[in-house]
Amino acid sequence: MNFKGRDIISMKDLTREEIDHILLGVEGIRNHPQRGKLCKGKDCAMLFFEPSTRTRTSFEVAMRNLGGKIGGFYDANITSAVKEESLWDTVKMHDGYGFDVIVIRHPLKGAARVASEAAVIPVINAGDGPNQHPTQTLLDLYSIKETQGRLDGITIAMVGDLMNGRTVHSLSEALLKYNNCNLIFISPRDLAMPRSLIDKCKKEMSGKGGSVTEGSRIEDFISDVDILYMTRIQMERLQESALAEKFRSIYRLEASMLSGVKDTMKIMHPLPRVTEIAQDVDDTPYAYYFQQAKNGLLVRETLLALILGAIK
Ligand code: CP
């Protein structure tokens, strides 16, 4: 399997075998004797048109840990985008400055795909609007496998703003590649998973021994799940402020709600959290979101090393 020069834009573009290969590579990177030199001389352009803490920092540290360099920008307001330079031209410029890979985050769905068409060098999607966040999904899958020992046969509830949350869209697409998974979508009706994705999940899951269930209350499902995947309400994507205000605090997981859950159940969250997980949950054995975010470092190191041809 060869990932050298490959774009990572959507989970739809990766086969199950390719995902499994990336996840297996994480252990190889962790113990690689040349880890600090694998990407020596390589340069990564970070084009961040939207704010980020985890994705940005973990890509930076990942590149540094591999001996590589980074450039680019984290605030489009200090670039010529404010002078109406197009995304295409911005990417073209970075493509021509000697970088080896581009990591891009952008508020518009499809922006990462456009970037990959503009660039000769590989492009990694670090989140394009409400669409996809494939590197988050890879670290989510790694974390599920680490805690449950498998990806087949998982029962997972995804909770929150499923209409606008790109992480749940990416994760659902990825889990369609595994067998016997039960997806439970918990949201207010106004923030439900896009109907086209629900229909796709139902169709494909039923052929693989899995299921798709929709609901609106965490309490109705919490005792059945292996993974409770909480997400925040995406205030920045809710144009209608009345809707945003109505739902901003609709879900709040508290430690008192966790009696009766499976011993092995883990709570995940792509972070940042706002009010949807109370701090008293952090001290329970079910909280996994900070470790999940930490796992992103090694997963992103692995992906960079694969794409830059440092490992196979
Ligand atoms: N999970 C995630 O994408 O976090 P950031 O927005 O902080 O990068």
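Just so you know, all these numbers are worked out from the coordinates, no wet-lab data involved. These numbers come from a predicted model, not from an experiment. All Cβ positions, glycine included, derive from the backbone under ideal geometry; neighbour counts span all protein chains shown.
Determine the sum of side-chain charges near Lys109: Lys and Arg each +1, Asp and Glu each -1, restricted to other residues whose C-beta is under 10 angstrom from that of Lys109.
Numbers: positive: Arg113, Arg166; negative: Asp128.
Net local charge, Lys109 excluded: +1.
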Chymotrypsin sites (Phe, Trp or Tyr not before Pro) within segment 69-113: DSSP coil, no more than 14 neighbouring Cβ in 10 Å: Tyr97
Qualifying GluC sites (Glu not before Pro) in segment 191-273, DSSP loop, other Cβ atoms within 10 Å at most 14: Glu240, Glu254
Span per principal axis, largest first, for the Cα atoms of segment 203-256 (Å): 40, 32, 14
Solvent-free Debye scattering, log10 I(q)/I(0), computed from the Cα coordinates of the chain at q = 0.09, 0.11 Å⁻¹: -0.44, -0.67
Over segment 267-312: Rg over Rh, Cα atoms, Kirkwood Rh: 1.19
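In debye to the nearest 20, how big a dipole does the chain give about its Cα centre with +1 on each Lys and Arg Cβ and -1 on each Asp and Glu Cβ? Mind showing how you got there, number by number?
Working: 40 positive and 40 negative charges, 147 e Å.
Once rounded to the nearest 20, the dipole reads 700 debye.
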Positive-pole candidate from Met205, Met257, Ala242, dipole of segment 190-286, charges at beta carbon: Met205
Gained length - Thr53 relative to Asp199, 0.36 nm times residue gap less alpha-carbon distance: 49.3 nm
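Can you tell me the mean projection area, over all orientations, of the convex hull of segment 134-293's alpha carbons? Units nm², please.
Details: hull surface 34.2 nm².
Seen from a random direction, the Cα hull of segment 134-293 projects 8.5 nm² on average.
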Antiparallel bridges, percent of DSSP beta bridges restricted to the chain (to nearest 5): 5 percent
Pairs of Cα atoms farther than 23 Å apart, segment 199-312, %: 49 percent
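Could you work out [θ]222 nm for the chain from helices alone, using -39500 (n - 2.57) per DSSP H run of at least four and dividing by all its residues? Round to the nearest 500 deg cm²/dmol. Walk me through the numbers before you get to the answer.
Details: 9 runs with 107 residues, N = 312.
That comes out to -10500 deg cm²/dmol.
Net charge near Met46, counting Lys/Arg +1 and Asp/Glu -1 over other residues with Cβ under 10 Å of its Cβ? Please list the in-between numbers first.
Numbers: positive: Arg56, Arg105; negative: Glu60.
Combined, the nearby Lys, Arg, Asp and Glu give +1.
Please go through segment 58-125 and write out the trypsin sites (Lys or Arg not before Pro) that DSSP classes as loop and that have at most 14 other C-beta atoms within 10 Å.
Hits after loop and neighbour filter: Lys109.
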Nitroxide proxy distance, nm - points 7 Å out along Cα→Cβ at Ser259 and Thr79: 5.2 nm
